[in-house]
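Written below as structure tokens is the structure these notes are about.
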Amino acid sequence: MFERFLVGPSLEFGGVALEDLVAEFGTPLYLLDAAVVRARARALRSAGGEAHIAYASKANSTLALLQIIEQGGLDVDAASIGEIEAALRAGFGGHQITLHGNAKTDVELHAAVQLGIRRIVIDDFVEIGRLALLAEAADKRVSVLVRVAPGVDPKTHLAIRTGQDDTKFGFNIGNGSALQAIEAVRAQKSLHLRGLHFHVGSQLMNSQAHVAAIRRCGELARDADGIEELVVGGGLGIRYTPDDNPQSVSAFVDSIFHAVKRAFKNDQPKIGFEPGRWLVGEAGTTIYRVAVRKSVGRKTYVAVDGGMADNPRPQLYGAVYSAFNASKPGEDHDATFKIAGRHCETDTLIEKAKLPPSTDVGDLIAIPSTGAYNACMASNYNRYPRPATVIVEGGEAFLAVQRESIDQVFVNERLR
Ligand code: LLP
């Protein structure tokens, strides 16, 4: 996985020597390769043709990264008032934002109405009435999508499965709720029903679950009539290890187009995609320094200067990453190490990492594919300040998020 970082005998990231980046910005360090994000935005737009594409900003809403996405011609989806704020600060207009959420606050709905955002995705019956009132009070007609639970079970980790019948999200197609929701929205003058939305799950290796969901939505659209749009959520997976083999984006998009054609027959809706992880995940790499090497029985640990506070995914989802020794890229990576974090519990980052046998204290360890759901899910566990994010492009490094200081960790607290 690390060959792409090798330039001659040394390692570079976006045209900058890794050693220089670490010398300037320290470790642990989130690196983002802007060229990868731009290339993926381009690839998706060219595969997607007329489809609407909104980046799911929950994956990483670092402002300077959102700017790159906006320059790439994509819109954005937000799941909270904070993500709306991030999109606005990064330069998106309200008309480019879609709002999600299964428990939106009045503050969020009100902001969405005032900003004239592109779509609000309705998730519950109570929300229909609440939003209609807010829209009436503002004398506006708000465009909405009805989020449906299509009753399909994607094969992915339980915590990121959302398409099944008993999900907390949206309206169940199978028990008739989705059709009722469509009718309830249509009964409100201040709401304009544009279509349907689903998101079946995340880190999916192919479009099977999407295709099944589209079939269900096609059936629903025949009963509901006049569905102009179908947003198929995000979900396309990425490579965390050399063994991961996700479908290509063009094959994924084509299979969605094909499925919609078949399911909707003469009434073709406009299609929307909402990728998060696929756009930014592989653009990111986290750099750590080895703090301790320790052998216990047959295991050899390397403990690094980060862990579950900067990457909670192994703990939360059993996510498996790969690593390489960025100080010794030329050496064979043929010894097995357990990479441990520095937190006060068993926060294993990688159970079985292949590294050079000589890996030792002071070496830099790089973990690729950390651009999605790492920085945005980071915490201050054990009172560690969160890492910096540096965006690298064309041989230049841009400090997008500065490293938190120890004072910032305490900034909201008072003693009695
Ligand atoms: N649209 C909606 C409505 C979503 O809920 C999500 C992700 C996406 C789009 C983007 O999905 P993606 O393309 O990134 O798979 N924290 C978890 C992932 C949670 C995903 C939540 N929803 C993780 O680290 O794996």
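The values are calculated or read from the model by the stated rules, or taken from the named source; none is laboratory data. It should be emphasised that the depicted structure is a prediction, and the values quoted were computed from it without experimental measurement. Cβ: placed from backbone, ideal geometry, glycine included. Neighbour counts: every protein chain shown. Quick note on the areas: whole protein, heavy atoms, side chains included, nothing else; ligands and nucleic acids left out. Shrake-Rupley method; radii C 1.70, N 1.55, O 1.52, S 1.80 Å.
Points worth noting:
- Filter pass, residue 242 being more than 16 Å from the ligand (Cβ to nearest atom) and either within 30 Å of residue 355 (Cα to Cα) or surrounded by 24 or more Cβ atoms within 10 Å (Cβ to Cβ) (or both): yes
- Residue match in segment 249-266 (condition: at pLDDT below 95, away from the ligand (no atom under 16 Å from the Cβ) and surrounded by fewer than 23 Cβ atoms within 10 Å (Cβ to Cβ)): yes
- Test for residue 68: is it open to solvent by 10 Å² or more (accessible area, probe 1.4 Å) and in a helix (DSSP H, G or I): yes
- Within segment 3-43, if we keep just the residues that are under 22 Å from the mean Cα position of the chain (by Cα) and part of a loop (DSSP other than H, G, I, E, B), the residue that is surrounded by the fewest Cβ atoms within 10 Å (Cβ to Cβ) turns out to be 14.
- Contacts under 8 angstrom Cβ, first residue in segment 373-386 being within 16 Å of the ligand (Cβ to nearest atom), partner open to solvent by 40 Å² or more (accessible area, probe 1.4 Å) and among the basic types (Lys, Arg), 6 or more apart: 373/58; 375/386; 376/58; 378/386; 379/386
- Look at (1) crowded, with 24+ Cβ neighbours inside 10 Å; (2) part of a helix (DSSP H, G or I) and you find that residue 215 fails only one, number (1).
- Residue match in segment 159-166 (condition: touching a Leu at 6+ places or on another chain (Cβ under 6 Å) and buried (at least 19 other Cβ atoms within 10 Å of the Cβ)): no
- Answer from 201, 235 - the residue that is open to solvent by less than 20 Å² (accessible area, probe 1.4 Å), in contact with a Leu (Cβ under 6 Å, 6 or more places away or on another chain) and under 22 Å from residue 280 (Cα atoms): 235
- Test for residue 177: is it on the phi < 0 side of the Ramachandran plot, in contact with a Lys or Arg (Cβ under 7 Å, 6 or more places away or on another chain) and open to solvent by less than 30 Å² (accessible area, probe 1.4 Å): no
- Just one of the listed residues (310, 347) is within 16 Å of the ligand (Cβ to nearest atom), crowded, with 19+ Cβ neighbours inside 10 Å, within 23 Å of residue 5 (Cβ to Cβ) and among the charged types (D, E, K, R), namely 310.
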